[in-house]
Amino acid sequence: MRVLVIVKANKESEAGALPDKQLVDEMQKFNDELSRNGVMLAADGLHPSSKGKRVRFAGSKPTVIDGPFAETKELIAGYWIWQVKSVEEAVEWIKRAPFAKALGQPVPDDKVPEIEIRPIFEQDEFDRALAAQQAKVASKR
Amino acid sequence: MTDSEARRAVEAVWRIEGARLTASLARLVGDVSVADDLAQDALVAALEQWPGSGIPEKPGAWLMGTAKHHAIDLLRRRQRLERKQAQLGRQLEIEQENVPDLEAAMDDQVGDSLLRLMFVACHPVLSREARVALTLRLLGGLTTDEIARAHLVPEPTVAQRIVRAKRTLGEAHVPFEVPAGADLGARLSSVLEVIYLIFNEGYAATAGEHWIRLDLCQEALRLGRILAELAPHEPEVHGLVALMELQASRLRARTTASGDPVLLLDQDRGRWDHLLIQRGLHGLARAETLGQTLGPYALQASIAACHARARTAQETDWKQITALYDALVEVAPSPVVELNRAVALSMAYGPDAGLEVVESLLGEPSLRGYHLLPSVRGDLLFRLGRIDEARAEFERAASLTKNVREREVLRERARSTRTGS
């Protein structure tokens, strides 16, 4: 299975500050480790939301909203795509990420690293789910 | 933590640490079979203890520590035995003195140990079946049960295969090392062959058995990606990985929802996996930078890349594909490759050009009974307007294939020649 591993934004990432050199080096090591184990499929960091746009589809036409967006905790600073056997494997991997350094440290709440792991729908899984839903709708008629 | 939660967590840790642990232990004790037993014992200990104690903070180190204790006991027992025999006493004493440094040394060498493990698991002294089973067991992080289900054979069969393979390695005194010199090429070919075999077992799966066998594709890809990191200077390793990435990119487009096969040129290219295509093209570029002339895997990847780069079937660069098949025939001649070259030729230069090559293959003993030969010939004859001959070929092809769905498709083609549609 594939998982999307989402790194949540914080005040610093939203301010456009790059992580310090040490963290970058450690992250590089971690990424190498992921590659060496055949886990890494893709990884990217994102510009702060001030460079982003939102498009809302309400009313008669789409509305474009310029960033930055307020609710920092809901924003994304970067992501990986991993190939793993289970969500548990992904959890094991993320525990080995440099974020673990924050443990036991007095880190302010808005800087606590938070990572979200979400399984990606496989295409045939999606097809099956869709077919099941259609069958359900048909049986109700 | 419930038992099943603990079990899943242990499995996840094992997936990450299992192969490294086995490889490091094999280096320590110099014996893959003993290393596998030690690693499995550590796994059993984790399954027993973690549900009560919780997952240790450094689960990998825990497993290694547990296994190492047993390994050192084993080494000491051996040592005592050998001392009794008054052999190599001093040498083993030195070995014992060095024990505390082992862990650090093993950490540094884990990549090299993994590479050795791959070479040993794919050793030519083993049958192909045994190489596949042993590779999946030692490096794949699949349980015997999973390997059995993927191969559609009973679990005891696989267990037996693994036991026998380990015994064979021991009897042949296969050293735990990366082969050097002239040996390296042939041994690397065997590793690549095993990985590609695993991939194709998964790729050849039909609907129904689909999901479990696709695991084999994922495993092969994983092994290939790992190997590419361990042996980054070998162009054919990157060639193979690129080939698998590109083929896997079409997995979800190559069958209909009901499981019927969809031919490459008829596939919905929007369903191709563009992340895998990108990775495949990148891997191919690495192979091209490293190698002066492309090997068989890189050439096949280049052919797959031609298809991947074409946005529509009509945009396919058949002349380039023909040239690549010409090169492939040079480095890895086989009648099946010739047949594929014939198809490419017909697409690039017209059915006549392809038919000429196909006719030259008709007497080929290894293609007797191969349904794709009459199938391709029928197609070329049809395009040349030789309808009756084409129909006979489609019917022959239908009678030769073992795949029920394929037979239907071929019969349908034979029928459609009558109506001219």
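Computed from the coordinates by the stated procedures, all read-outs in this text should not be read as laboratory data. As the structure is a prediction and not an experimental result, all values here were calculated from the model. Neighbour counts are summed over all protein chains in view; Cβ atoms, including those assigned to glycine, are modelled from backbone coordinates with ideal geometry.
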Quote the FRET efficiency, to the nearest 0.05, computed for B:Asp112 versus B:Lys319 with a Förster distance R0 of 25 Å and r equal to the Cβ-Cβ distance. 0.05
With the cut-off at 1.5 for a/c, could you classify the stretch B:160-300 from its C-alpha gyration tensor as rounded, prolate or oblate? oblate
Dipole magnitude of the protein assembly as shown about its Cα centre (Cβ charges: Lys, Arg +1; Asp, Glu -1), debye to nearest 20: 1300
Neighbour-count ranking for A:Lys29, A:Lys8, A:Lys61 (other C-beta within 10 angstrom, fewest to most) reads A:Lys61, A:Lys29, A:Lys8
Using alpha-carbon positions, the gyration tensor of the protein assembly as shown gives root eigenvalues a ≥ b ≥ c; with a/c under 1.5 called rounded, otherwise prolate if a/b exceeds b/c, else oblate, the class is oblate
Please give the charge dipole size of chain B, origin at the Cα centre, charges +1 on K and R Cβ atoms and -1 on D and E Cβ atoms. Round to the nearest 20 debye. 720
Projected label distance in nm at B:Glu177 and A:Leu4, using a 7 Å step from Cα toward the beta-carbon: 5.0
Per DSSP helix of 4 or more residues, -39500 (n - 2.57); summed, then divided by the residues of the protein assembly as shown. What does that give at 222 nm, rounded to the nearest 500? -20500 deg cm²/dmol
Please report B:Leu328, B:Leu21, B:Leu290 as a ranked list, fewest other C-beta atoms within 10 angstrom at the top and most at the bottom. B:Leu290, B:Leu328, B:Leu21
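Helix hunt in chain B: which complete DSSP H runs extend at least 18 Å axially by C-alpha with mean Kyte-Doolittle at least -0.5?
Values: long enough: B:3-29 (33 Å, -0.03); B:32-53 (31 Å, 0.34); B:59-84 (38 Å, -0.93); B:155-171 (24 Å, -0.65); B:182-203 (32 Å, 0.70); B:210-230 (30 Å, 0.28); B:235-248 (20 Å, 0.69); B:274-290 (24 Å, 0.19); B:296-309 (20 Å, 0.35); B:318-331 (20 Å, 0.49); B:335-349 (20 Å, 0.82); B:387-400 (20 Å, -0.39); B:404-419 (23 Å, -1.61).
Within chain B the helices that satisfy the rule are B:3-29, B:32-53, B:182-203, B:210-230, B:235-248, B:274-290, B:296-309, B:318-331, B:335-349, B:387-400.
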Going by Cα centres, the stretch A:95-141 and the stretch B:215-274 are how many Å apart? 25
Among trypsin sites (Lys or Arg not before Pro) in the stretch B:320-421, those in a DSSP loop whose Cβ has at most 13 other Cβ atoms within 10 Å are B:Arg368, B:Lys402
Chain A - percent relative contact order, Cα under 8 Å, separation 6 or more: 41
Taking the Cβ of each residue in B:Ser24, B:Ser258 as the centre, tally the other Cβ atoms inside 10 Å and list the residues starting with the fewest. B:Ser258, B:Ser24
Filtered pair list for the stretch A:1-101 (Lys only, Cα < 18 Å, 8 or more apart or interchain) has a length of 15
If I model a spin label at B:Leu275 and B:Ser258 as a point 7 Å from the Cα along the Cα→Cβ vector, what separation in nanometres do I get? 3.2
Give me D for the stretch A:1-125 in µm² s⁻¹, whole number, from Stokes-Einstein with Rh from the Kirkwood sum over alpha-carbon pairs, 25 °C and 0.890 mPa s. 152
Please report, in Å, the Rg and the Dmax of the stretch A:57-141, where both are computed over Cα atoms only. 19.8, 59
For the stretch B:146-193 and the stretch B:7-25, compute the distance between their C-alpha centroids and round to whole Å. 19
Quick one: grab the alpha carbon gyration tensor of the stretch B:350-421, order the square roots of its eigenvalues as a ≥ b ≥ c, and give me rounded if a/c is under 1.5, else prolate or oblate depending on whether a/b is larger than b/c. oblate
Once you place label points 7 Å from the Cα toward the Cβ at B:Leu81 and A:Glu114, how far apart are they in nm? 5.8
